[in-house]
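The values are calculated or read from the model by the stated rules, or taken from the named source; none is laboratory data. Note that the structure is a prediction, hence the values are computed from the model and not measured. We place every Cβ from the backbone using ideal geometry, glycine too, and count neighbours over all the protein chains shown.
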Amino acid sequence: MRIIRIFDTTLRDGEQSPGASMNVDEKIQVAKQLVRLGVDIIEAGFPIASPGDFEAVKRISSEVKGAVIAGLARAKEEDIKRAWEAVRGAPKKRIHTFHSTSDIHLKYQFRVSREEALKRSVEMVGLARSFVKDVEFSPMDATRTEIGYLLDVVEAVVEAGASTVNIPDTVGYTTPAEFGAMIKAIKDRIGDRAVISVHCHNDLGLAVANSLAAVANGAGQVECTVNGIGERAGNCSMEEVVMALKTRKDFYRAETKINTKEIIRTSRLVTRITGIPVQPNKAIVGANAFAHESGIHQDGLLKEKMTYEIIRPEEIGLHHTELVLGKHSGRHAFKARLKELGYELSPEEVETAFRKFKHLADQKKDIFDEDIETLVSEEVSKIPETYSLVDLSVKSGLKVKPAATLKLKINDRVVEKTARGDGPVDAAYKAIASVTKTKSDLLKFEVKSITGGTDALGEVMVSLEEDGKKVRGQGADTDIIVAAAKAYVNALNKLAVRRRHDRASS
Ligand code: KIV
Ligand code: ZN
């Protein structure tokens, strides 16, 4: 069976989604999860784009083992050298360089001739090859490039040493039949001299269909992102393309090395870190993807799952009906469950998560995997705390002006403040803003329930902006006002870290 390589670009193209920027620690967390998921290549960033991108690629290269780490570079000497500096510490590394090839881009954006573009592409692949064996080249806007010229560029970069040629549908313009034919023409021209990769954008909602058509016509690598995030309408969705190949192995006669049981956890981690929610009806990872509403379907399912279910929820790691632990569960059972869920935590992290679990078990009778994952991800994504919530009590009701009394620890000092607001969350936020003297603006406030029931753990996500810098904060609690306060405090802690980082580097 043919193996299709999965090249994940969540940390590069995915991060180009409006509002999706991640800090270095968050990127490392995502990269480690991508390794658990089993992706072949992680495009960790665009090192020349900013010092933060460079640092992220460099740290992922030295801290994340198990996948090839790729750095993106325009077909420019300074970009390629910077990408090399960033990836050189990785045990397996790749430089991914690109140059536009469509007449539209060459004429209006770069003002260079086809010949110049080809020459530069060949030279820069050669330069990248002087640093590393594994070089990928992308003719940007390939799907709007005249096919004869595209074939010449592809052949020339392969001759120059590119081991992968990636064909991007940069503007999401192509269609499955057309793209399939383009990939076939490339395969006929270069045979097995290089791996053909595809990189599809979703402007017409065809990114996954186009990628699959490419696989059927000889592509050996698919570039994709978790939850399909990415520039504009996003990229080919990792979970959709992987599950399509798995479910229709009979048709594609190809498979990936992805451990599909890690899909849901990866999707949730990326949602939590980027703050970009998944639409409920999204294939594979949407909240309704396995919810059967119709009576006829439910009847069929009860008789035989195969009647209406083409993927078992367990295949993507969904076990949400499973009751895991309760108030009387001990440390041992908790640790065993963490292990089953795939978490490797330090003894201190286990201890803190266990304390939080016990606290939650006092408030909530049944604790599900999703609850544990929320507690643990809070623990794993912990950042230094300038502020920590000591206590919060709120008075509100139909006929009372809401008021919140807050105790907040600022470094080593506990301060207390009461504030009134338009609602209980507003009152709590006013109290926090007053004692922290924050100048940040609240951009986004979102609430979601982790499981069902009125005692469910509620999760709040907020986005704050201060001096043009945006951060996200999360907080979870069975009390939604406390969850909201935790999320705000978490975001303020991230801003404090950024301020310290900026002071240190200026
Ligand atoms: O969409 C695109 O063309 C890209 C390239 C850099 C591969 O993201
Ligand atoms: Zn792209």
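Brief remarks follow.
- When T9 is tested against (1) touching a residue at least 40 places away in the same chain (Cβ under 8 Å); (2) over 15 Å from G71 (Cβ atoms), only condition (2) is not met.
- A single member of D152, D169, D103 is within 16 Å of ligand 2 (Cβ to nearest atom), at pLDDT 95 or above and not hydrophobic (A, V, I, L, M, F, W, C), and it is D169.
- Odd one out for D141, checked against (1) acidic (D, E); (2) at negative phi; (3) within 15 Å of ligand 1 (Cβ to nearest atom): (2)
- Within region 451-471, the set of residues being under 20 Å from the mean Cα position of the chain (by Cα) and under 18 Å from E373 (Cβ atoms) comprises E459, V460, M461.
- With respect to the conditions (1) within 14 Å of ligand 2 (Cβ to nearest atom); (2) in contact with a Pro (Cβ under 8 Å, 6 or more places away or on another chain); (3) farther than 25 Å from P18 by Cα, S197 falls short on a single one, namely (2).
- Residue under evaluation N259, criteria (1) more than 15 Å from ligand 2 (Cβ to nearest atom); (2) in contact with a Pro (Cβ under 7 Å, 6 or more places away or on another chain); (3) of a type outside the set (A, V, I, L, M, F, W, C); (4) touching a residue at least 60 places away in the same chain (Cβ under 8 Å), criterion not met: (2)
- Selection status of A44, within 16 Å of the chain's Cα centre (by Cα), part of a strand (DSSP E or B) and closer than 28 Å to M461 by Cβ: yes
- Residue, nearest to ligand 1 (Cβ to nearest atom), within region 144-166, restricted to residues that are within 29 Å of the chain's Cα centre (by Cα) and more than 22 Å from P176 (Cα to Cα): A162
- Subset of region 16-53 (residues that are surrounded by fewer than 24 Cβ atoms within 10 Å (Cβ to Cβ) and within 14 Å of ligand 2 (Cβ to nearest atom)): Q16, S17, A20, A49
- Note on region 477-488: among residues that are in contact (Cβ under 8 Å) with a residue 60 or more places away in the chain and crowded, with 24+ Cβ neighbours inside 10 Å, the one that is farthest from A428 (Cα to Cα) is Y488.
- Unmet requirement for A216, which otherwise passes all of (1) among the hydrophobic types (A, V, I, L, M, F, W, C); (2) under 19 Å from I284 (Cα atoms); (3) more than 16 Å from ligand 2 (Cβ to nearest atom): (2)
- None of E231, E223, E240 is under 19 Å from the mean Cα position of the chain (by Cα) and farther than 21 Å from P139 by Cβ except E240.
- Taken over region 345-370, the criterion of being over 24 Å from the mean Cα position of the chain (by Cα) and assigned to a loop (DSSP other than H, G, I, E, B) is satisfied by K364, K365, D366.
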